[in-house]
Every structure is written in C-alpha cells, then in structure tokens.
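Following: one structure in structure tokens, then a few remarks.
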Amino acid sequence: MTATQPVRGAGIEPEPAGEPLDVPPTAKARTSGGGLSLRRLPYLAVLLLASVLFLYPFLWLISASLKPRTEVFDNSLLPRVWRWANYSDVWSYAPVLQWVTNSVVVALTAAVTVTISSALVAFGFAYFRFPLRNLLFGLVLATMMLPGAATMIPVYLIWHRIGLTGTQVPLWAQNLFGSAFYIFLLRQFFLSLPREYFEAARVDGCSFFGLFWRIALPLSRPALVVVLVFEIQASWTDLLRPLIYLQDPNLFTLPRGLKAVIDTFGNGGEQHWEIIMAASLIATVPLIVLFAFAQRHIMNGIASQGRKG
Amino acid sequence: MTKTLTDKSIERAARSAAGRQPAGPRRNWREIRAAYGFLSPWIIGFVVFTTAPMLISLYLSFTDYDQINAPNYVGTQNYQQLMSDPKVALALKNTLIYAVMYVPAAMAVALGLAMVLNRVGRAAGFFRTVFYLPVMTPTVAAAALFLLLLNGQKGLINRSLMLIGVHGPNWTTDSAWIKPGLALTMLWGLGGTVVIYLAALQQVPKDLYEAAQLDGAGSFNRFRRITLPMISGALFFTMIVLTINSLQMFDQAYTMFFGGQQQSTYANDAALFYVIYLFQQAFGVLHMGYASALAWLLFGIILLITAVQVRLSKRFVYYEGDR
C-alpha cells in the first residue's frame, strides 16, 4: 500500500487565539518550574507505565525468538533455555539472507530514486514562476488523497503488459516520477532557502540545473535525509505490492517472506512460533538501527507534518 | 557564487535586488521551458500512473475481465452485483466499524500521551523515542507478534488480565473480538501521531495558559478553550490520515487472518476488510472488472468521508490566518 501521508502547510508561529487575553507582567513569576519539580512526578509515573506497555511487546518479541518451541507462550521474559539455534533454523528453513538483501536493494533504490525525482519536481515548483503552476501544484496535492488501492489493478496490468510482473522493478520504478508527499515536503524546504543565493549564482552564469544541483540540494541535506528515511521505511514495510508482483520466493522482500514464514509455521501450520519471532526480529532490527542514526531528522520530519492542517 | 563578479553582473544583481528586472520575453520562455523540464518526471508519472490507471479502471469496471480473455463489456452489471453482494456489505461493515473504533481511540490515546509528555520537560525526548519505536516495526512483524500476544488461552495479554481477575476474550478466534484485537495491534503503533500532537502542543504559547489561569479558568476550561482550538489543525490532519488509512486496512488483518493455511478458517469473516476483499477478487479469483468497480466504490467512499470531514473542520478548526 502506498503510504498516504498528506501534509499541509509548514511551521507557522501561532498567534493568540480567540478573545485577546492580556498577560500581566507579573504572570510569569507564578509559574516558574525548572528542574525536576515534584509536580512532574505523577506525569513521569504515567509515562513510565505507558512506556512499559509500549516496550514490553518488543522485549517479548526478542525473548520469544530465543526460547525453545515449547516455552514460547511461557510468561517469563527471560528464556529458561536460550535457544540461539532458532536463528540458524530460520536461515535453513527459508532464504532469509536473500530476503534481507532484496529488501536492502529495493529500499535503497526506491529511496534514492524518489528523493532525486521529487527534489527535481519540488525545485521546479519552488523556484520558477510559470503558467498553470498553482493548478499543477493543486493536482500534486490532490493525488495525495488518492487511495493506493483504487489504482492497484490497472497499475498491475500496465506492468504486466510491459512484462515486468514477477520482477522487483514495479516495487520501485514508480518512484522515478516523484511522490506527491515528498514533493510537497521538499518544496516547502526549497522555499525557505534565501533567494539571493540563486540570484547571485544566476548572475555568475550558473545554469538552472546548476542552481538545483550545486545550491539547492547541498543546502537541503536535512530535508533530503527525511525523505530518504521515510521512503526506506515505507519500502521496507510494504506487504501489498510484493504480494501482488512477486511469486518467486528468491525475489521476496522481508515482509513478503515473513508472511510466507507465518503461513508455514504459524496459525494452522506447524506452530513454530519461535521461528516466526526470530524472522520478525530480523526484519525489525535494520529499521531500528536506521532510526537510531536518523532519529532527530525523523522526529522533525513528522512533527512538521501535522502543523496547520 | 565564489567567482569574482564582473561589473555587468554586479549591475544586474543590483537591479534584480531592487525588484526583479523586467524580464524580456525570450528569457521568460527559457524559464518556463526549464520549469516544465524540472516538472516532467511528475507530469509523466501523473499521466502514466494516475490518469491512465484511473481511466483504465473506470473502463474495466464496466467489463468482465479475467486477465486471460479480452475485456467483455457488461454495462453496469458489476455495480449492480456489488450492491447485492453480501460480502461487499460485510467488508464495508467491518471496515467502517473498525475505523469508528480505531480512529477516535488512537486520537484520544495519542493526545493523552502527548499532553503528559508536554508536562515533563526534557524527559519528553526519551519517552517520545520509546513510543515511536513500534512505528519502526514492520507491520507484518507487528502482526505476527500480536497473534501471539492476543492468543486467547496462552497469550500475554490475557494472562496479564488474569492477574487482575479479568477473563480475557479469544481475541483471534472470537468474531466479536477480532476487530478490537486488531485495533489494539494498531494502537501499539500510534507513536507518529503522538509526535505530531506533541509538536503542536509545544507551539501553543505558554502565556495563554498563564493568563487564563489568572482569570480563574480551571484546567478543563483551559483544555477546552485554549489547547483544543490551538491544536485543532493537527487534530484534523491526523483524523483525515487515520481515517483514510483505516479504510484501507490491509497488512495486519491479511497477515493475521488470511493467506496460506488460514484461508478457510472461521475467523475470516470478521476480519474481511474492504481492501482484502478487493485484493481477493482482483488477484485471487481474477475478477478484475468486478474488483475495479469495488475500487471505484472505495474511492467514492473515501472522497465522501474526507469531504464531510473537511466541511466539519471549517467549523471546528481554528486557523491562524495565514496563506
């Protein structure tokens, strides 16, 4: 499923709402609460409890992946017997290493292509004035509302006609044409760059493409990282498209492979949940690592989404 | 930029700084050409992967098409069929019930967490990360994990409920509890919404609260009169996105209840979501004409619901007068 992540408007400083409330100068003094005040303790307690609820399934995933088959449903978080062999079992039951490689290749290709193409289009919208600009940009925004499921059949038929179903190409090739959400995001960023930089470069005889390549892109690294990371995540977790386009298990991406593992070893199957958990963890760890590296960018990118709906 | 400027270029830069120089028609044309050059990837993509598919889909929805034989025009038969197909009614009902269950719950829980986060100062960063980690878990992996956690007899959730004396339901087999169980699975991944709300809350000027407090407004009134209006844009935005995503529920439900050997199990009907039925019709039994009609119905429903929400937003969303 193509992620629907529409966005509207970027950071705008809020102004006081409704009836203007006058703030007496003395108001500040009353609510000064720096450091670790006692008043924060109940909030911290709530957060700690919520954190346990959010983290426990995670820890449980790790622990279940290391338990023997018979212990999987046991309540204890620590396995009585640590069965590292679950991981080597996964490799022997299914071509997991191949799936990891496929996912990495597809995700990176998808991310790089969508970043470059979206940036090109975004720069076109941000820098130039031309006829139909607003209409076209309205169309870009409108496509964000288009449910991916509504076009999945004809898009499949198009790839089928070209003869590329059964390959990984349909998983990323549409990214060559940019993606509405990223075009929007990058356009906002390009608009925030000082126009004088471009004017000066023009005066120096820089080409339009040079403006894009040598000025806009280098100055937009944070925004480009956001797009890269969002797309890697979207591609890495996508199930529907691999389900539609891939039949050969050797070409599967991780979610598609994981689904096959669940079908074989899970509900109605051989009940090897420790294998499924090990495969799930293998699919999860790379994204967590990515998150660890790009956390600040991701948070800023998401935070800017909801501003001013 | 680093080259030394010639006299002529300084003169031109000064002129353009004073106000854009009156562009001659030739230069203008070059700009327009360049602009459309930059736009060309999107324009091609829009034609090939949006406009053409929608036209093809519209055409196919009036045909009988199995991908092997040529499409056979059948008029409005597909649309008539979907009106009387009990599976369509079921899938629609399931999907709407799930959306009505999940969207408000996700918004309420995320807002609650964000408001608490907003009170703890610098510690918020750490907890925000904790809440966001499940979002980085691939949906299929999360679905597998929750199949275990939600297990009726041996699952962690019911065992924990046992500790407080509650006898938990059979989340994955009892058709009445399958949708709540799925909602729970999805709630685990609401960290993105929390981050959006927290960012919105942090933008609300503190003096508003201080002034209201001086005026004697209680905490509920401050929440209702200041917090809600000031973050209404973020609330509205997430409501639309969560609704559209809920109406397209696929990954989790399909992973947990469909495909492989589970195909024929009892639980199916309660987890038959609209996109799953569409997928089965299109790629399972190759009723591509019928599935195209289903796709158009989905499109219409999403458009309608979004339009209603946008209308409502005009009444409830407070805009800070920009644009």
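The spread of Cα positions in the range A:124-240, taken along each principal axis and listed from longest to shortest, comes to 50, 30, 24 Å. Only helical runs count toward this figure. For chain A, summing -39,500 (n - 2.57) over DSSP H runs of n ≥ 4 and dividing by all residues gives -19500 deg cm²/dmol at 222 nm. Comparing B:175, B:219, B:40 in a Gaussian network model of chain B (Cα springs below 10 Å), the most mobile by mean-square fluctuation is B:40. The helix-based estimate of mean residue ellipticity at 222 nm for chain B, built from -39,500 (n - 2.57) per DSSP H run of four or more residues and divided by its residue count, is -20000 deg cm²/dmol to the nearest 500. Using only side-chain charges placed at the Cβ, +1 for Lys and Arg and -1 for Asp and Glu, the dipole size of chain A relative to its Cα centre rounds to 540 debye. Within the range A:214-309, none of the chymotrypsin sites (Phe, Trp or Tyr not before Pro) combine a DSSP coil assignment with at most 13 other C-beta atoms in a 10 angstrom radius. In a fully extended conformation the segment linking residue B:66 and residue B:85 would gain 5.0 nm over its present Cα-Cα distance, using 0.36 nm per residue.
Taking A:70, A:109, A:165 as the candidate residues, the one with maximal mean-square fluctuation in a Gaussian network model of chain A, Cα springs under 10 Å, is A:70.
Could you work out the mean count of beta carbons from other protein chains within 10 Å of each residue's beta carbon in A:187-198?
Partner Cβ neighbours, averaged per residue: 1.
Against the empirical curve 2.2 N^0.38 Å, the C-alpha radius of gyration of the protein assembly as shown lands at a ratio of 1.04. Candidates B:242, B:212, B:273 compared by Cα position along the dipole of the range B:198-323: farthest toward the positive end lies B:212, with charges placed on Cβ. Loop-located GluC sites (Glu not before Pro) across the range A:211-309 with a Cβ neighbour count of 15 or fewer within 10 Å are A:270, with loop assigned by DSSP. Bin width 10 Å, alpha-carbon pairs only: give the P(r) of chain A as whole percents, running from 0 to the bin holding the largest distance. It works out to 5, 19, 24, 23, 17, 9, 3, 0, in whole percents.
So if a site counts as exposed when it's one of the trypsin sites (Lys or Arg not before Pro), its DSSP state isn't H, G, I, E or B, and it has at most 13 other Cβ atoms within 10 Å, what's the longest stretch of chain A without one?
On the way: sites that count: A:80, A:129.
Here the longest run is A:130-309.
Kirkwood analysis of the range A:63-161, using all unique Cα-Cα pairs, places the hydrodynamic radius at 18.9 Å.
Just name one of B:310, B:253, A:55: the one whose Cα is farthest towards the positive end of the charge dipole of the protein assembly as shown (beta-carbon charges, Lys/Arg +1, Asp/Glu -1). Going by the charge dipole, the pick is B:310.
Across the range B:132-224, the fraction of Cα-Cα pairs farther apart than 16 Å, rounded to a whole number, is 68%. Remark: the protein assembly as shown carries a charge dipole of roughly 1720 debye about the Cα centre, counting +1 on each Lys and Arg Cβ and -1 on each Asp and Glu Cβ. For chain B, the convex hull spanned by the alpha carbon atoms encloses 270 Å³ per residue. Note on chain B: GNM, Cα springs under 10 Å; of B:289, B:168, B:121, the largest mean-square fluctuation is that of B:121. Per the Cα gyration tensor, the range B:74-167 maps to an equivalent ellipsoid with semi-axes of 37, 22, 14 Å, ordered largest to smallest. A simple spin-label model places the labels of residue A:292 and residue A:59 1.8 nm from each other, with each point 7 Å out along Cα-to-Cβ.
Take the Cα of residue B:162, step 7 Å toward its Cβ, do the same at residue B:215, and the gap between the two points is 5.5 nm. Membrane-span-like helices of chain A, defined as complete DSSP H segments with a Cα extent of 15 Å or more along the helix axis and a mean Kyte hydropathy of at least -1.0, are identified as A:41-64, A:96-127, A:133-144, A:148-162, A:180-191, A:221-237, A:254-265, A:273-303. So how strong a dipole does the range B:143-290 carry about its Cα centre when Lys and Arg Cβ are +1 and Asp and Glu Cβ are -1, to the nearest 20 debye? In debye, rounded to 20, the range B:143-290 gives about 180. Pick out, from B:138, A:185, A:78, the residue whose Cα sits farthest towards the positive end of the charge dipole of the protein assembly as shown, with +1 on the Cβ of Lys and Arg and -1 on the Cβ of Asp and Glu. Most positive-ward Cα: A:185. For the range B:203-323, the alpha-carbon radius of gyration amounts to 1.60 times the rule-of-thumb value 2.2 N^0.38 Å expected for a compact globular protein.
Computed from the coordinates by the stated procedures, all read-outs in this text should not be read as laboratory data. Nothing here was measured: the structure is a model prediction, and the numbers come from that model. Here Cβ is always computed from backbone atoms with ideal geometry, including for glycine, and neighbour counts include all displayed protein chains.
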